[in-house]
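Have a look at the structure below, then the notes.
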Amino acid sequence: MSKKIMATSARGVAAILNEGKRGQHAAGNGLYCQVNSVKNGSWVYRYKIDGKTKRMGLGSTAVISLAEARLIAAEQRALIAQGIDPIVHRRQIKLEKLNKKSELIAFDRVADDYIAAQRSSWTNEKHTQQWINTLATYVSPVIGHMAPADITTEHILKILNPIWNTKNETASRVRNRIELILNAAKVRQLRSGQNVAAWRGHLDLLLANHNNIQRRHHPAIPWQQANKFWQALESENDTGAQALQLTMLTALRTSEVLGAHWSEFDLDASVWTVPSARMKRGKEHWVPLSRAAHLLLDKIPRLCSGLLFEGRTVGSTASNMLMLMKVRRMHEAKFAVDSIGWTDSNGQRITPHGLRSTFRDWAAETTSFENIVVEQALSHSIGNAVESAYRRGDLLERRRDLMNAWGDYVTCGK
């Protein structure tokens, strides 16, 4: 039977490492030689404090001898005798050194250094300027003066929350740039631990993931053909056609139109108030009724349920397929005549939702209405502060002018 090799001498340690058999070998007084593979090992100090057994790595056997490892282990035993946990003590010393070093270099300095280092690899100077501008606008006022080691998740949220939902593309770029700069700070040993600007497994738990929103292209009839499509709907004169007409004149989403109830309309004030429960943004929306919308509403029958567009069952809302199937049938009928049908500029059959794009394109290309007026008509987010200010003012009346102009164009072609 071969004699067991001990790690209590330099010769014994060398023999154990040469053998390369994985495992721990006692070297005395809680010190162990951990063998990982041939000539590859490390020193581990095992100790007990507050009733818990812990293991503390002391370094590689390639750079620390048995004698040196014993001295390091003795230092840890001295700490334990004073009631100090060696692992906690080492972390505190490392953090103190890190803080002392990072106090001399603020985030803005690290950002400047990062931009200078990466500048030559970026495609153009415009990209560099975008980095400088976004950091100066959104980041520097909050953390520019801070040491990288002191920046927390709360600081990052303070930067991102005000713009995350209103300027998401910009906010995403800002977040990514902060993450890269903090990574650079970590490489320079100016901070440690998790990157507080990281998305996966961190900020994705605290901020909405806008990338999950599937943005589909909805084929839209060119605005130049809006009047012809309106005339085709006029000749149909049924529930599906009237629902499409109201969608055209109000620039609402199809689900917001299909649930329409007469109680929501103030015909004297020419306002349709769509409740928050039916709006995509979850906010009550005021729709100024144009002259054309009034004429259309006069044609829609008043049902006992109060719904404008009732389904097959009394009191039920019409299916969301109502308008879609109407467009499909109209397209097929027209295609049988002209081999074109009702299509967008790419030859795709138009969709009811695409009517919003038709309205948007018409407003942008043929009118001088401010973008904020058009965006509010579409019930798009324009920023809470801005939206509140305009809601207090004359935005509704300016939207009324917009919708009257659109109604005149759709119904009269001018």
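So the values come out like this:
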quantity: Of the criteria (1) among the small types (Gly, Ala, Ser); (2) surrounded by fewer than 16 Cβ atoms within 10 Å (Cβ to Cβ); (3) touching a helix residue (DSSP H, G or I) at 6+ places or on another chain (Cβ under 7 Å); (4) more than 20 Å from GLU256 (Cα to Cα), which one GLY341 fails; calculated: (2)
quantity: Close pairs from the range 139-157: first free of Cβ contacts under 8 Å to residues at least 60 places away in the same chain and over 10 Å from ASP108 (Cβ atoms), partner among the polar types (S, T, N, Q) and not in a helix (DSSP H, G or I), Cβ under 8 Å, at least 6 apart; calculated: ALA149/SER192
quantity: So ASN161, is it surrounded by 15 or more Cβ atoms within 10 Å (Cβ to Cβ) and farther than 18 Å from ASP108 by Cβ; calculated: no
quantity: Odd one out for ASP204, checked against (1) part of a loop (DSSP other than H, G, I, E, B); (2) in the same structural domain as LEU180 (by TED's automatic domain parsing); (3) of a type outside the set (Gly, Ala, Ser); calculated: (1)
quantity: In the range 20-39, the residues that are surrounded by fewer than 13 Cβ atoms within 10 Å (Cβ to Cβ) and at negative phi; calculated: LYS21, ARG22, SER37, VAL38
quantity: Members of the range 106-132 that are in a loop (DSSP other than H, G, I, E, B) and of a type in the set (S, T, N, Q); calculated: THR123, ASN124
quantity: Subset tally (residues that are exposed (fewer than 13 other Cβ atoms within 10 Å of the Cβ), part of a helix (DSSP H, G or I) and modelled with pLDDT under 90) for the range 40-95; calculated: 4
quantity: Selection count where residues are more than 29 Å from ASN227 (Cβ to Cβ) and not basic (Lys, Arg), scope the range 283-309; calculated: 5
quantity: Criterion (assigned to a helix (DSSP H, G or I) and closer than 30 Å to LEU324 by Cα) met by exactly one of ALA171, ALA220, ALA226, ALA184; calculated: ALA226
quantity: Top-ranked residue of the range 337-359 - restricted to ones that are in a loop (DSSP other than H, G, I, E, B) and hydroxyl-bearing (Ser, Thr, Tyr), ranked as modelled with the highest pLDDT; calculated: THR351
quantity: Selection status of ALA184, farther than 30 Å from ILE350 by Cβ, surrounded by 19 or more Cβ atoms within 10 Å (Cβ to Cβ) and either touching a Leu at 6+ places or on another chain (Cβ under 8 Å) or not assigned by TED's automatic domain parsing to the domain that holds GLY341 (or both); calculated: no
quantity: Residue satisfying all of: in the range 119-158; loosely packed, with under 14 Cβ neighbours inside 10 Å and of a type in the set (Gly, Ala, Ser); modelled with the highest pLDDT among these; calculated: ALA136
quantity: Of all residues making up the range 20-39, the number that are among the charged types (D, E, K, R) and part of a strand (DSSP E or B); calculated: 0
quantity: Which numbered condition ALA14 misses (of (1) at pLDDT 90 or above; (2) exposed (fewer than 11 other Cβ atoms within 10 Å of the Cβ); (3) outside any strand (DSSP E or B)); calculated: (2)
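The values are calculated or read from the model by the stated rules, or taken from the named source; none is laboratory data. Computed from a predicted structure; not experimentally measured. Methodologically, a virtual Cβ is constructed for each residue, glycine included, from the backbone with ideal geometry; neighbour enumeration extends over all protein chains shown.
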